[in-house]
Amino acid sequence: MKSGEGKLGKKDAVASTIFLKKNRRGQVTIFIIIAIMIVALGLLVYFMYPKLKTTLGIGTKDPVGYIQSCVEDDIKEATETVSLQGGSISPEHYILYDDAKVEYLCYTNEYYKLCTVQQAMLKQHIESEIKNKINQKVDSCFNSLKEDYEKRGYNFQLKTGTKKVELLPKRVIATFDYSLTLTKENTEKYTSFNFILDNNLYELVAIAESIVESETLQGDAETTLYMAYYPDLKVEKKIKEDGTKIYILTDRNKGNKFQFASRSNAF
Amino acid sequence: MHFKMAEKKIYAFCIFFMFLIFLTGIVSAAFFCCEKTKGGAWCQSMGSESDCDPNYGRVQTSCDATSYCRLGTCINQQEGNCMPNTPQKVCEEDRGFWSDKKRDDLPQCQLGCCLIGEQAAFVTHVACNRLGSLYGTNVSYRTNIKDELQCLASATSYEKGACVYEEDYVRTCKLTTQKACQDSGLSKVEFHKGYLCTAVELGTNCAPTEKTKCVENKDEVYFIDTCNNIGNVYDSSKVKDVAYWTKIQEPTCSDNAGNKNSRSCGDCDYYAGSICKGKKIGESTDYGDYICKNLDCTEYKGADFDLGSYPRHGETWCATDTKSGQANNLPGSSYYRMVCYNGEVTIEQCDVFRQKICIENNSLGFGIANCRPNLYLDCFGQNNSDDCLLREERDCQWIKDYYFYYDAAGTFGGIQKSNSSSPAGMCVPLNAPGMAFWNEGGICVLGSAQCIVKYERGLIDKWGKKPWKPIENKECLEAAWANKMNDICMSLGDCGSKVNYIGQEGYKNKDVVKTQAPEV
């Protein structure tokens, strides 16, 4: 064997050792990085698990939370729609304003005559409209909940009840009196589901009713009177060519709005 | 040629009645009462049966005479309010209770004073109970108070104090009323009327802070303590004042003008133009994050306010959309009421076609404006200047020396110059009303004027082919006469030769006066 052949020379040995050491350090580095990533992933899963479950449709432990998040967007949209359209989802007798069909709450087709009230039970009407709008969605949400739990091996017993939407001070509450019993290893029982929307529609509707009363008795309503009483309220009145008035009530703090039309004592 | 005063009035009213019809755009006699129209409106008088929804009642009479469209009162038994002028079907659609009686005749619709906590509301008894259940508080209903202002004034502010109690072996405190303190169910409760929770002698764990907050239903900025109770109204000079943190006191730092944007005082007043709000960039306070926000419309830069001045919160004033420099009441123009509230100016149009005008009053140093009807309709029926200019009853102007001429048959003959046996002038609208002039001429026909100019020429002048000389009414050949007639015409409405509200000329301006002089 010649020198350096088949046998490592001194230089080669040193280089080799250095190479091996570097290689080992690189491996260690990689292992450390992998370890950090595993720990980070673990922490992520630990803190984000409920949301991950919901996002990935893994299934939620809490049916109440599931139903709330399921109906939330529809309730918000329905509330917004009725607010801009004078209280109805599909207005029948309306005037177009700003691309919205704004329903008449008080109307006469004649001139120099006081209007006839077209919607006397406004609060109940709005509650009914929102409820009818979300009806199908609620059923669909409970069906999805059922599928999810049954996939996970739960015994899902649902007794349907009434659906109710209420306008209350500073909030809109949707309540579903459904009775749910979940059984797997233990039994969980839920007797009611609800969703609370932060909205001043109750207050705005009360003001609207007062304005309608003024329109039918006097032919007009004084906007500054309401703004003087309620600092957070903005009342605008827009007059159309045929004498129709569009009233726009806005909560200055939250931006909630309710608008409707009236035609009374048109000149 | 003579005229009869009484006949003239009758004919004048006839013409203006027709003008009213043109203005309304509909025939005044409505034949069918539709329980519901095809457009979805309830209880409307329509000109044709075909306008009615066939699934509902319809009859050829006025709606008041029908059973289905008789107006009554709709009672909302849940909320306790009563809506007048409501048809039965409309009421019962959403489970309301309908009565054919007027609202004032129904016992359940009588208003009384409802006291809910420290607030008052002038509502029905049912509404009062409803409010109590909604807010979870006991209510008191007084039927002897029949006036809303009196009711609001009767609202008592229950005296508050420090409600000291023990929680987790710590002596703590809540600022509340005596009743709320007693009903709280807290342990070892003591109520100290008029004291703040930070009073040293109470020995609680609540201490003064330099923080402030707004309180619901109150205008002012308040100090808060470490237990999140409110203290007295924010006064930076008293932040370290032990006495100011001991007992509830009235503020003494007020400038009586709402303390707008004050660094040091939180005694805001909504009616003076300020209210507690979070401070924004550019606003600063000595302590805390809340300030008496100035609610005046300081950023408003309309031409109706001089440089440097601006409308105050609550002020209203009149404006028109006529281009600057133009006269008022031009075609297309309207009157507007401008409203300043909460730092924002909103615009309200009084009415279309100037059927309403805006009037304003600044005599108390505070602008108040309102829209009211343009009372021009009975101007034409006035034949003397005193009646014509009666401001309380009408908005008219008296034009001297010309009158509306009617011949013996009662036919309108235009505007003519007054003489000893005719009216001395004419009464016309002060604020010319608008109209859809592109559809009809209407009232403008009254502005037509004819002037007969008598010419004379002798035989010699005729042989000499000299021109005719006017000997009578020669003033009608002058521009001044034409302008006068045009002024009268313009006062009637969107008539005559004029520009519109943006300064654009009418397309018939050159045809104001047509003169037909005799041939030479």
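The values are calculated or read from the model by the stated rules, or taken from the named source; none is laboratory data. Given the structure is predicted, the values throughout are model-derived calculations rather than measurements. All Cβ positions, glycine included, derive from the backbone under ideal geometry; neighbour counts span all protein chains shown.
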Odd one out for B:GLY117 among (1) touching a strand residue (DSSP E or B) at 6+ places or on another chain (Cβ under 7 Å); (2) more than 24 Å from A:TYR104 (Cβ to Cβ); (3) more than 9 Å from every other protein chain (Cβ to nearest Cβ): (1)
Do you know which of the residues in segment B:132-147 that are more than 18 Å from B:THR177 (Cα to Cα) and not β-branched (Val, Ile, Thr) is surrounded by the fewest Cβ atoms within 10 Å (Cβ to Cβ)? B:ASN144
Just wondering, is there one or more residues in segment B:285-306 that are at the interface with chain A (Cβ under 10 Å from one of its Cβ atoms), under 30 Å from B:SER237 (Cα atoms), surrounded by fewer than 23 Cβ atoms within 10 Å (Cβ to Cβ) and of a type outside the set (Val, Ile, Thr)? no
Could you run through segment A:168-188 and say how many residues are without any contact (Cβ under 8 Å) to a residue 60 or more places away in the chain and among the hydrophobic types (A, V, I, L, M, F, W, C)? 2
Looking at segment B:98-110, is at least one residue part of a strand (DSSP E or B) and either farther than 30 Å from B:ASN217 by Cβ or away from chain A (no Cβ under 14 Å) (or both)? yes
Only one of these is over 29 Å from B:ASP269 (Cβ atoms), out of contact with any Cys (no Cβ under 8 Å at 6 or more places or on another chain) and either surrounded by fewer than 21 Cβ atoms within 10 Å (Cβ to Cβ) or among the charged types (D, E, K, R) (or both): A:GLY161, A:GLY255. Name it. A:GLY161
Verdict on A:VAL205 being in contact (Cβ under 8 Å) with a residue 60 or more places away in the chain, in contact with a Gly (Cβ under 9 Å, 6 or more places away or on another chain) and aliphatic (A, V, I, L, M): yes
Among residues of segment A:118-153, those that are more than 14 Å from chain B (Cβ to nearest Cβ) and surrounded by fewer than 19 Cβ atoms within 10 Å (Cβ to Cβ), counted: 14
Identify the single condition in (1) modelled with pLDDT under 95; (2) touching a strand residue (DSSP E or B) at 6+ places or on another chain (Cβ under 9 Å) that A:ASN253 does not satisfy, given that it satisfies every other one. (2)
Only one of these conditions is not met by B:MET435: (1) hydrophobic (A, V, I, L, M, F, W, C); (2) at pLDDT below 85; (3) buried (at least 16 other Cβ atoms within 10 Å of the Cβ). Which number is it? (2)
Does segment B:472-497 hold any residues that are in a helix (DSSP H, G or I) and either within 34 Å of the chain's Cα centre (by Cα) or buried (at least 20 other Cβ atoms within 10 Å of the Cβ) (or both), and which are they? B:CYS476, B:MET485, B:ASN486, B:ASP487, B:ILE488, B:CYS489, B:MET490, B:SER491, B:LEU492
How do the pairs read when you match residues in segment B:200-229 that are farther than 19 Å from B:TYR287 by Cα with residues anywhere that are hydroxyl-bearing (Ser, Thr, Tyr), using Cβ under 6 Å and keeping only pairs 6 or more apart or on different chains? B:THR204/B:THR172; B:ASN205/B:THR172
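Can you pull out the strands (runs of 3 or more DSSP E) entirely within segment B:328-439 that have at least 3 residues that are within 14 Å of chain A (Cβ to nearest Cβ) and more than 24 Å from B:GLN450 (Cα to Cα)? Even if it seems obvious, please write down each step before you answer.
Working: elements: B:335-341, B:344-349, B:356-361, B:368-373, B:396-400, B:402-406, B:412-417, B:425-429.
Ranges flagged: B:335-341, B:344-349, B:356-361, B:368-373.
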Kindly check whether there is at least one residue in segment B:223-231 that is assigned to a strand (DSSP E or B) and farther than 28 Å from A:PRO231 by Cα. no
As an exercise: evaluate A:ALA228 against (1) in contact with a Pro (Cβ under 7 Å, 6 or more places away or on another chain); (2) part of a helix (DSSP H, G or I) and give the number of the one condition it does not meet. (1)
Quick count over segment A:59-115, residues being within 10 Å of chain B (Cβ to nearest Cβ), farther than 16 Å from A:ILE126 by Cα and assigned to a loop (DSSP other than H, G, I, E, B), is 8
Does segment B:52-70 hold any residues that are under 17 Å from A:CYS115 (Cβ atoms), in contact (Cβ under 8 Å) with a residue 24 or more places away in the chain and outside any loop (DSSP other than H, G, I, E, B), and which are they? B:CYS63
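Output yes when any residue across segment B:124-131 is among the small types (Gly, Ala, Ser), crowded, with 21+ Cβ neighbours inside 10 Å and under 28 Å from A:CYS106 (Cα atoms), and no when none is.
Yes.
On the given criteria, is B:ALA162 modelled with pLDDT under 90 and over 32 Å from the mean Cα position of the chain (by Cα)?
Answer is no for this residue.
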Those residues of segment A:239-252 which are outside any loop (DSSP other than H, G, I, E, B) and either surrounded by fewer than 18 Cβ atoms within 10 Å (Cβ to Cβ) or more than 9 Å from chain B (Cβ to nearest Cβ) (or both) amount to A:LYS245, A:ILE246, A:TYR247, A:ILE248, A:LEU249, A:THR250, A:ASP251
If I filter segment B:235-247 for residues that are buried (at least 20 other Cβ atoms within 10 Å of the Cβ) and within 43 Å of the chain's Cα centre (by Cα), do I get at least one hit? yes
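Here is a yes/no grid of residues against (1) closer than 17 Å to B:TYR405 by Cα; (2) at pLDDT below 85; (3) in contact with a strand residue (DSSP E or B) (Cβ under 8 Å, 6 or more places away or on another chain):
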{"position": "B:ALA449", "(1), (2), (3)": "yes, yes, yes"}
{"position": "B:ARG457", "(1), (2), (3)": "no, no, yes"}
{"position": "B:LYS465", "(1), (2), (3)": "no, yes, no"}
{"position": "B:ILE471", "(1), (2), (3)": "no, no, yes"}
{"position": "B:ALA479", "(1), (2), (3)": "no, yes, no"}
{"position": "B:ALA482", "(1), (2), (3)": "no, yes, no"}
{"position": "B:ASN486", "(1), (2), (3)": "yes, no, no"}
{"position": "B:LEU492", "(1), (2), (3)": "yes, no, yes"}
{"position": "B:CYS495", "(1), (2), (3)": "no, no, no"}
Hits in segment B:111-142 - residues which are at pLDDT 90 or above and assigned to a loop (DSSP other than H, G, I, E, B): B:LEU111, B:THR124
Note on B:ALA319: of the conditions (1) closer than 24 Å to A:GLY219 by Cα; (2) in a loop (DSSP other than H, G, I, E, B); (3) among the hydrophobic types (A, V, I, L, M, F, W, C), unmet is (2)
Of the conditions (1) more than 9 Å from chain B (Cβ to nearest Cβ); (2) more than 30 Å from B:THR316 (Cα to Cα), A:LEU168 fails just one. Which one is it? (1)
Restricting segment B:52-87 to residues that are touching a Leu at 6+ places or on another chain (Cβ under 9 Å) and more than 7 Å from every other protein chain (Cβ to nearest Cβ), the residue that is farthest from A:HIS93 (Cα to Cα): B:GLY80
